[in-house]
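Beneath this line is the structure, given in structure tokens, with notes to follow.
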Amino acid sequence: DAGTIRGMVNFVGDAPANAAIDMSEEQVCAAKHPGGASAEAVVASGGRLANVFIHIKEGLTGDHPAPGGQALIDQVGCVYHPHVIGVQVGQEIAFRNSDGILHNIKAAPTANRTFNISQPTNMTSTRTFTTAEVMVPVQCDVHGWMQMYIGVVAHPYFGVSGADGSFTIANLPPGTYTVEAWHEKYGVQTQQVTVAPNGTADLAFEYSAAMAANAVVPLGEPIDPHDHGPVRTTAVGSPASH
């Protein structure tokens, strides 16, 4: 009886230009961006908006165990890939350093414990979050332009809009839900949608450049400057140790 939400995030007006990133002091990364690099705060083209995190905020019942597979966040060319990602509470997140130069991964949640992981070379470190939180900002202190966001939810019903603005939330039990969309510059919106048994519900969110002035994106101060717990690390390409 499971249904699907098929969605689109539209963007009205002219998208602002993203700031250029000067990587001249980090040639290993600069070489991976021969055409130059720019920030990813607003990725909009053709009237669509990417990097919007969409999740079911209200209406679900029951428990949803975390999946066994890892969520991967890679650092390539001094840029986080992806820029926005969703994970479940308890799901393992692998932070990979594919650049082979010093990075640090500083997460500043408010509901979870913060952490700051040093990665001086090619390696992978893992972490999990224990509490739902939308969103968790992550940055690299070594390269100040490196920023990304993690949406932590207690269920598997979430998505991130792609370059074409589209997203899909599948395998939903029939019901009426409150769906929330989050964008780092343009803020939060919610809508209600009803998913019929075996049905597909269409849903569209709309953002515009004018929204930036009024957006209140819920990001708080970290509760602890560092996570001093043990960090598990493995070489890139090796299975994570447990």
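The values are calculated or read from the model by the stated rules, or taken from the named source; none is laboratory data. Please read these numbers as outputs of a predicted model, since none were measured by experiment. Using ideal geometry, Cβ is built from the backbone for each residue, glycine included, and neighbour counts are taken over all protein chains shown.
One line per residue, one yes/no per condition, for (1) buried (at least 19 other Cβ atoms within 10 Å of the Cβ); (2) at pLDDT 95 or above:
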{"site": "Val89", "(1), (2)": "no, yes"}
{"site": "Lys106", "(1), (2)": "yes, yes"}
{"site": "Phe115", "(1), (2)": "yes, yes"}
{"site": "Thr128", "(1), (2)": "no, yes"}
{"site": "Asp141", "(1), (2)": "no, no"}
{"site": "Leu172", "(1), (2)": "yes, yes"}
{"site": "Gln189", "(1), (2)": "no, yes"}
### Task
Tally the residues that are closer than 22 Å to Leu172 by Cα and among the acidic types (Asp, Glu), restricting the search to the range 42-101.
2
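Of the residues Ala132, Ala201, only one is under 20 Å from Ile73 (Cβ atoms), at pLDDT 95 or above and small (Gly, Ala, Ser); which? Reasoning before the result, please.
Numbers: Ala201 fails: under 20 Å from Ile73 (Cβ atoms).
Every option except Ala132 fails the conditions.
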### Summary
Pairing a residue in the range 95-114 that is more than 24 Å from Gly69 (Cα to Cα) and of a type in the set (Gly, Ala, Ser) with any residue that is surrounded by fewer than 17 Cβ atoms within 10 Å (Cβ to Cβ) and at pLDDT 95 or above, where Cβ atoms lie under 7 Å and the two sit 6 or more apart in sequence or on different chains, gives Gly100/Thr121; Gly100/Asn122
#### Entry: Gly36 being surrounded by fewer than 16 Cβ atoms within 10 Å (Cβ to Cβ), within 20 Å of the chain's Cα centre (by Cα) and at pLDDT below 95
no
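Of the residues in the range 191-210, how many are within 19 Å of Val42 (Cβ to Cβ), of a type outside the set (Gly, Ala, Ser) and either touching a helix residue (DSSP H, G or I) at 6+ places or on another chain (Cβ under 8 Å) or surrounded by fewer than 17 Cβ atoms within 10 Å (Cβ to Cβ) (or both)?
To start, the set of residues in the range 191-210 that are within 19 Å of Val42 (Cβ to Cβ) comprises 204-210.
Narrowing the set further to residues that are of a type outside the set (Gly, Ala, Ser) leaves 205-207.
After this cut, where a residue has to be either touching a helix residue (DSSP H, G or I) at 6+ places or on another chain (Cβ under 8 Å) or surrounded by fewer than 17 Cβ atoms within 10 Å (Cβ to Cβ) (or both) as well, the list is 206.
The qualifying residues number 1.
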### Query
So Arg6 fits all but one of (1) charged (D, E, K, R); (2) more than 20 Å from the chain's Cα centre (by Cα); (3) under 13 Å from Gly165 (Cβ atoms); what number is the exception?
(2)
### Task
Kindly provide the set of residues from the range 89-129 that are closer than 16 Å to Asp74 by Cβ, charged (D, E, K, R) and not in a strand (DSSP E or B), ordered by number.
Glu92, Asp99
### Query
What number of residues within the range 1-40 are closer than 30 Å to Ala196 by Cα, in a strand (DSSP E or B) and of a type outside the set (A, V, I, L, M, F, W, C)?
5
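Filter the range 41-88 for residues that are part of a loop (DSSP other than H, G, I, E, B), in contact with a helix residue (DSSP H, G or I) (Cβ under 9 Å, 6 or more places away or on another chain) and either in contact (Cβ under 8 Å) with a residue 60 or more places away in the chain or closer than 25 Å to Tyr186 by Cβ (or both) and give the result. Before you say what the answer is, go through the steps one by one.
First pass over the range 41-88, keeping only residues part of a loop (DSSP other than H, G, I, E, B): 41-43, 46-47, 50-52, 59-70, 77-78, 82-83.
Those still in the list that are in contact with a helix residue (DSSP H, G or I) (Cβ under 9 Å, 6 or more places away or on another chain) too: 42, 77-78.
Hits for the range 41-88 are Val42, Cys78.
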## Note on the structure
For the range 1-30, pairs from a residue that is closer than 17 Å to Ser45 by Cβ and aromatic (Phe, Trp, Tyr) to a residue that is in a strand (DSSP E or B) and at pLDDT 90 or above, with Cβ under 9 Å and 6 or more apart or across chains, are Phe11/Arg48; Phe11/Leu49; Phe11/Glu206; Phe11/Tyr207; Phe11/Ser208
